[in-house]
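Okay, structure first, notes after.
Just so it is clear, none of the values below were taken in a lab; they were calculated from the coordinates. Remember, predicted model here, so these are calculated numbers, not experimental data. When we count neighbours, we look across all protein chains shown, and the Cβ atoms used for this are built from the backbone with ideal geometry, even at glycine.
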Amino acid sequence: MTVNRVQPPLEVVLTDLNAKVVEAWRAAFADTPGIEIRKGSILTEKADAWVSPTNSRGLMNGGVDAVVKRHLGAGIQLRVQRAIRDRFGGRLPVGSAVCVPSGATNPKFLISTPTMEQSSENVSETLNVALACAAAFQAIHRQNSEAPGSIRSVALVGMGARTGRVPAQVCANLMWTGYTLFNDHCFEDYDDLRSTIVAQLDDIENAPTGQRVRIAPPERSAPRR
């Protein structure tokens, strides 16, 4: 079952130190309003939430995860892994996310979403970036459903573009796909989100190089009895 999205406007910042990723974002999101794009570190962004690409175990030992852990302190990994254990049995599937208090005032929340199963895994031939980006925004839906207005701004980096070795243009286009799905729809659970994305992007390799693919939200299901 899915539910329609009713959320206040969300400020979204895309920021990365990789100039190629920033340039690719500017092309992919050129006709998308409400997106701020800049070159820089996520650590300098003032936002209610930061999104950190992670692995399924929530081990923050590489890439942006490690940078965020050094900045927020070792306790952030403990909170992320506790949430993964409590909600997902200790292993966070790609296409899922957890949102935890950061222990800081900026950001107030950290959203961890895996782009890979293991640390430093090559995910350049997968749909993991789209799954992770969509899951991150789904986590915002869930948090704002539980505490309305608690996340009004979010900062994201280039998912999978560093340790995951995803080419900049592919990263940008898949993130656009995940973001536009967030604008169109809110899913009740991550299984529904994953099945929708995989079903529609399964033959993406047959699309022209560089083409953005917009996912059509499923029709609203009848209420469960």
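Brief remarks follow.
- Considering only Pro167, Pro148, Pro93, the mean-square fluctuation computed in a Gaussian network model of the chain, springs between alpha carbons under 10 angstrom, is largest for Pro148.
- Counted over the chain, the DSSP beta bridges are approximately 25% antiparallel.
- In terms of its alpha-carbon gyration tensor, segment 2-206 comes out rounded; the largest-to-smallest axis ratio a/c stays below the 1.5 threshold.
- Each Lys or Arg adds one and each Asp or Glu subtracts one; over the other residues with Cβ under 12 Å from the Cβ of Gly95, this totals -3.
- Computed over segment 95-134: relative contact order in percent, which uses C-alpha pairs under 8 Å that are six or more apart: 41
- For segment 95-107, the Karplus equation 6.51 cos²θ - 1.76 cosθ + 1.60, evaluated at θ = phi - 60°, returns couplings of x, 9, 7, 10, 10, 10, x, 7, x, 10, 8, 9, x Hz by residue, with Gly and Pro reported as x.
- As a proxy for reagent exposure, Val21, Val123 were ordered by neighbouring Cβ count within 10 angstrom, fewest first; the result is Val123, Val21.
- Going from the fewest other Cβ atoms within 10 Å to the most, the residues His185, His71 appear in the order His71, His185.
- Burial ordering of Asp65, Asp192, Asp202, fewest other beta-carbon atoms within 10 Å first: Asp202, Asp192, Asp65
- Our coupling estimate for segment 27-43, obtained by passing each phi through the Karplus curve with A = 6.51, B = -1.76, C = 1.60 and θ = phi - 60°, is 6, 5, 9, 4, 9, 10, x, x, 10, 9, 10, 8, 8, x, 8, 4, 5 Hz, Gly and Pro reported as x.
- Rg over Rh, two decimals, segment 22-134 (C-alpha only, Kirkwood Rh): 0.97
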